[in-house]
Amino acid sequence: MKMTKRTLLASAAAAALACIATAAQAQDALKIGLIATYSGPYADYGRQFDAGVALYLKEHGGKIAGRSVEIVKKDTGGPAPDASKRMAQELIVRDKVQILTGLDFSPNAYAVGAVATQAKVPTIVMNAASSAITTSSPYIARLSFTVQQVTDPMARWMLRQGIKEAYTVVADYASGQDAESAFKKAFAEGGGKVVGEVRTPMNNPDFSAYVQRIKDSKPQAVFFFFPSGVMPPAFLKVWKERGMEEAGIKLFATGEATDDSFLEATGDVALGLVTSHHYSYAHPSAKNQKFVKDFEAQYGKSIRPNYFAVTAYDAMAAIDQALARTQGDASGDKLMAALKGMAFESPRGPIEIDAATRDIVQTVYIRKVEKNRDGQLVNVEFDKFDRVKDPAKEAK
């Protein structure tokens, strides 16, 4: 079932982008290099990027700021900083792209940052969420989120619910370490205490021993962070099997755990999980309802847009508006200046690019997994934190 959905999304998005690429053969096409994951366990990342890009371009006749668009894609196959750096160099030198984008994993974004700086090529991050990415190059702006940005509100919300002790479990890479540090800092500031912490390997971790260790220590609650995809469902399954809820231990996470693209496959083990994130397929705004409707018209109702698709859509909108401000000049310094301070309505809600940090400012929602009237699992937003900046940068 999941493979069928992935195939549908890939073929539909590829067809739409192929049409755009054909139209882009006209003189003065805007060439955008998109570095993402299209193969392996995280292949949905690239497919969702493609879908969001294709939807925006379809809405605008295949053009950005009046120019035809050519998307040149590169597949990293997952976290692969060396390959990502090489691909960025090829895109700039050989393919003559004027803008770089995509970048789903933080190690890949850091590697591309050095290339962007040397070549002065504007780079729009569509997902990579490690806090320091925008500080690694003056030619990077982020339209997605930072892990710290969505983690800090969860710690504060848990404290409001009377939770004073928590255990943290994170994947052992840059974003996981960001989640751990942000949670510990915000939780401690509010009077909470982290009573234990675990960092798990990214590849094929066996969660049984970790969960048993947590059960034996009997914390009041657990906060966890894993990248979207294969890790959250595996952890939730073990959590359920070990009877952690019955043991009275509460569980919280960031929204990667209940990514809309994977939620159906994750199943009922996700029911009731409270998470913090910046986008839900069920977000009730008129802008999101139109986005979802257009997505379903293009790809069918069996496939959901997730936060990757939304950010890809928003990245195209930001580039469009920035080029309108520069009168079509895509050079690095001018485009980056045009992006600073930009604000507009996204399917996720109001967003802006902080002029000082080139990072996203947005609403972070507290959501709970429930079944809607059609029996589908959805993230239902019930609380929020407005205009949240990356707390790591606010502290400086």
Checklist entry - Say we look at segment 88-110 and pick out the residues that are open to solvent by 20 Å² or more (accessible area, probe 1.4 Å) and of a type in the set (A, V, I, L, M); which of these is nearest to the chain's Cα centre (by Cα)? => result ILE92
Checklist entry - Could you say whether any residue in segment 169-180 is open to solvent by 10 Å² or more (accessible area, probe 1.4 Å) and assigned to a strand (DSSP E or B)? => result no
Checklist entry - Just checking, which of ALA330, ALA322, ALA315, ALA297 is within 30 Å of ASP28 (Cα to Cα), surrounded by fewer than 24 Cβ atoms within 10 Å (Cβ to Cβ) and in the same structural domain as GLN118 (by TED's automatic domain parsing)? => result ALA330
Checklist entry - Which residues, counting only those in segment 113-134, are farther than 22 Å from GLN149 by Cα and either open to solvent by less than 40 Å² (accessible area, probe 1.4 Å) or among the charged types (D, E, K, R) (or both)? => result VAL115, ALA116, LYS120, VAL121, PRO122
Checklist entry - Which of the following residues is at positive phi, buried (at least 18 other Cβ atoms within 10 Å of the Cβ) and either touching a strand residue (DSSP E or B) at 6+ places or on another chain (Cβ under 6 Å) or of a type in the set (D, E, K, R) (or both): ARG367, ARG304, ARG358? => result ARG358
Item to check | Where a residue in segment 197-220 is at positive phi and its partner, wherever it lies, is outside any helix (DSSP H, G or I) and at pLDDT below 95, with Cβ under 9 Å and at least six apart | outcome: ASN204/VAL230
Checklist outcome for this item: Among GLY243, GLY272, GLY255, GLY229, the single one that is without any contact (Cβ under 8 Å) to a residue 40 or more places away in the chain and more than 19 Å from GLU197 (Cβ to Cβ) is GLY243
Checklist entry - outside any helix (DSSP H, G or I) and assigned by TED's automatic domain parsing to the domain that holds GLU180 - does that describe any residue in segment 233-240? => result no
Item to check | Listing of helices (runs of 4 or more DSSP H) fully contained in segment 1-114 that carry 2 or more residues being within 27 Å of MET202 (Cα to Cα), of a type in the set (S, T, N, Q) and modelled with pLDDT under 90 | outcome: 2-23
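The values are calculated or read from the model by the stated rules, or taken from the named source; none is laboratory data. Bear in mind that the values here come from a model prediction, so they are computed numbers and not experimental data. Quick reminder, even Gly has a Cβ in these numbers, built from the backbone with ideal geometry, and neighbours come from all protein chains shown. Accessible surface areas use protein heavy atoms only, side chains included; no ligands, DNA or RNA. Shrake-Rupley method; radii C 1.70, N 1.55, O 1.52, S 1.80 Å.
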